[in-house]
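The structure appears right after this line, and notes come after that.
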Amino acid sequence: TNEQVDDAEDGNERGNDKEEQDDTTEATNKDGVDGGVPAEEETKNEQVEDTDEGHDGELAVATISTAYTVLEQETHDSMSFTQGISYCSDGKIYETTGLYGQSKVRRINPDTFEVETSIDTPREFFGEGSTCFIGRDGKEYLIEITWREHRGFVYEVPSLELLHSFDYTTTAPAHQGWGITYDPKKHELIVSDGSEYLYFWDIENFETKRKVAVTRFDGRKQTQINELEFMDGLVCYNIWHEDDIICADPETGKSVREYDFSEIWPAKLRGSSENVLNGIALGKDHVLITGKRWDRIYKVDFTDWPTLFDSNN
């Protein structure tokens, strides 16, 4: 969700705003994904590679995985600067895209992947993440957040009629919005803003109830948290300019599962370095994976996650 690139021609893609936002100054070190946390007893949503003792008699550590299988490759609009994507209960795919003057909210046919409805976000807003959620009235809505404008929008599903907007806060002083997802069991919205924090919002007034700092297997803080998806009790997220998908415990923020997606469509084939992996959507029997201005979208299965589609999450 966070395009922090200076575009000299039109100023459209995000500039580097790290100085505006507290706690986002640490660079992400991809070389440090291995190590640090002993493998614990396996649970339904815990990723454990090996528990054999090492040379020092310590348990082997959890490591990043490539345990996914591509089921299908479908067509995706290569002009879509994807910031959020999710399935709603009607089975349709809902996507929000970014860039000033180009941001859109779309409903996509899940069989043909053709755009059925597309509405423009007002030009003064840079569209960011989105998710479907159930309101206090029992109805389903689509919520979209924006990058710098501290403004969110709520749409009727499936018509995408704009119902109302609201203001929000995240990490001071920038109060940016990057990704958003929904925990249907706790009825909470979960928001990222580029810092190491996940914010948990009340679904009625969109105010922060709590926040959690996110860490990796090795214990280091993870910043640049981008698009989000709630899967089997975990908050899974993309990382801006990385090809990993990380799944964290929403209570502790600790990494439970880590996946390397660098080979699904290698970065060198995507054209621009800003065409990053950024899109996760949980379906009934697959997970959609895509990115910014990708001409393709993948249906994948996580082969080491047998309970992923069991819990109606």
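The values are calculated or read from the model by the stated rules, or taken from the named source; none is laboratory data. Just so it is clear, the model here is predicted, and its values are computed rather than measured. Please note: Cβ atoms are built from the backbone with ideal geometry, for glycine as well, and neighbour counts cover all protein chains shown. Areas reflect the complete protein model, heavy atoms only, side chains present, ligands, DNA and RNA absent. Shrake-Rupley method; radii C 1.70, N 1.55, O 1.52, S 1.80 Å.
Filter segment 128-154 down to residues that are assigned to a strand (DSSP E or B) and of a type in the set (Phe, Trp, Tyr) and give me whichever is most open to solvent (accessible area, probe 1.4 Å).
First pass over segment 128-154, keeping only residues assigned to a strand (DSSP E or B): 128-134, 140-146, 151-154.
Applying the additional criterion that residues be of a type in the set (Phe, Trp, Tyr) yields 133, 141, 153.
Details: Phe133: 7, Tyr141: 39, Phe153: 10 Å².
Among those that are assigned to a strand (DSSP E or B) and of a type in the set (Phe, Trp, Tyr), it is Tyr141.
So Ser78 ticks every box in (1) over 22 Å from Glu161 (Cβ atoms); (2) free of Cβ contacts under 8 Å to residues at least 40 places away in the same chain but one. Which box is left unticked?
All conditions pass for Ser78, except number (2).
Scan segment 113-127 for residues that are open to solvent by less than 50 Å² (accessible area, probe 1.4 Å) and closer than 24 Å to Lys299 by Cβ and report the count.
Qualifying residue count, segment 113-127: 2.
For segment 59-101, give me each residue that is under 22 Å from Ile264 (Cβ atoms), open to solvent by 30 Å² or more (accessible area, probe 1.4 Å) and not in a strand (DSSP E or B).
Thr63, Ile64, Thr66, Asp77, Ser78, Met79
Against the conditions (1) open to solvent by 40 Å² or more (accessible area, probe 1.4 Å); (2) in a strand (DSSP E or B); (3) in contact with a Gly (Cβ under 6 Å, 6 or more places away or on another chain), where does Val212 fall short? Just the number, please.
Evaluating Val212 over (1) open to solvent by 40 Å² or more (accessible area, probe 1.4 Å); (2) in a strand (DSSP E or B); (3) in contact with a Gly (Cβ under 6 Å, 6 or more places away or on another chain) leaves (1) as the failure.
Please enumerate the residues belonging to segment 186-202 that are open to solvent by 10 Å² or more (accessible area, probe 1.4 Å) and over 16 Å from Ala248 (Cβ atoms).
Across segment 186-202, the qualifying residues are His187, Asp202.
Restricting attention to segment 247-256, and to residues there that are charged (D, E, K, R) and part of a loop (DSSP other than H, G, I, E, B), which single residue is surrounded by the most Cβ atoms within 10 Å (Cβ to Cβ)? Show your work before the answer.
Of the residues in segment 247-256, the ones charged (D, E, K, R) are 249, 251, 254.
Cutting the leftovers down to part of a loop (DSSP other than H, G, I, E, B) gives us 249, 251.
On the way: Asp249: 18, Glu251: 9.
Looking at the filtered set, the residue picked out is Asp249.
Residues that are at positive phi, open to solvent by less than 30 Å² (accessible area, probe 1.4 Å) and among the polar types (S, T, N, Q): does segment 223-231 have at least one? Spell out the reasoning first.
Initially, segment 223-231 is screened for residues at positive phi, giving 224.
Checking which are open to solvent by less than 30 Å² (accessible area, probe 1.4 Å) leaves us with 224.
Of the ones still in play, those that are also among the polar types (S, T, N, Q) are 224.
Yes - at least one qualifying residue is present in segment 223-231.
Those residues that are more than 21 Å from Phe206 (Cα to Cα), in contact with a Phe, Trp or Tyr (Cβ under 8 Å, 6 or more places away or on another chain) and assigned to a strand (DSSP E or B), I need them from segment 102-118; list them, please.
As a first pass, look at segment 102-118 and keep what is more than 21 Å from Phe206 (Cα to Cα): 102-104, 106-118.
If we keep only those that are in contact with a Phe, Trp or Tyr (Cβ under 8 Å, 6 or more places away or on another chain) as well, we get 102-103, 106-108, 110.
Within segment 102-118, Arg106, Arg107, Ile108 meet the criteria.
Quick one: would you say Asn278 is touching a Lys or Arg at 6+ places or on another chain (Cβ under 7 Å), within 24 Å of Ser103 (Cα to Cα) and not acidic (Asp, Glu)? Steps first, please.
Values: touching a Lys or Arg at 6+ places or on another chain (Cβ under 7 Å): yes; within 24 Å of Ser103 (Cα to Cα): yes; not acidic (Asp, Glu): yes.
So Asn278 fits the description; yes.
For segment 257-298, name all the residues that are open to solvent by 30 Å² or more (accessible area, probe 1.4 Å) and among the charged types (D, E, K, R).
Asp260, Glu263, Lys268, Lys284, Asp285, Arg293, Asp295, Arg296
Do we have Asp295 as in contact (Cβ under 8 Å) with a residue 24 or more places away in the chain and farther than 28 Å from Asp218 by Cβ here? Give the derivation first.
Values: in contact (Cβ under 8 Å) with a residue 24 or more places away in the chain: yes; farther than 28 Å from Asp218 by Cβ: yes.
In short, yes.
I need a count of the residues in segment 155-184 that are polar (S, T, N, Q) and surrounded by 17 or more Cβ atoms within 10 Å (Cβ to Cβ). Break it down into steps so the answer makes sense when it comes.
Step one: of segment 155-184, the residues polar (S, T, N, Q) are 159, 165, 169-171, 176, 181.
Those left that are additionally surrounded by 17 or more Cβ atoms within 10 Å (Cβ to Cβ): 170-171, 176, 181.
The qualifying residues number 4.
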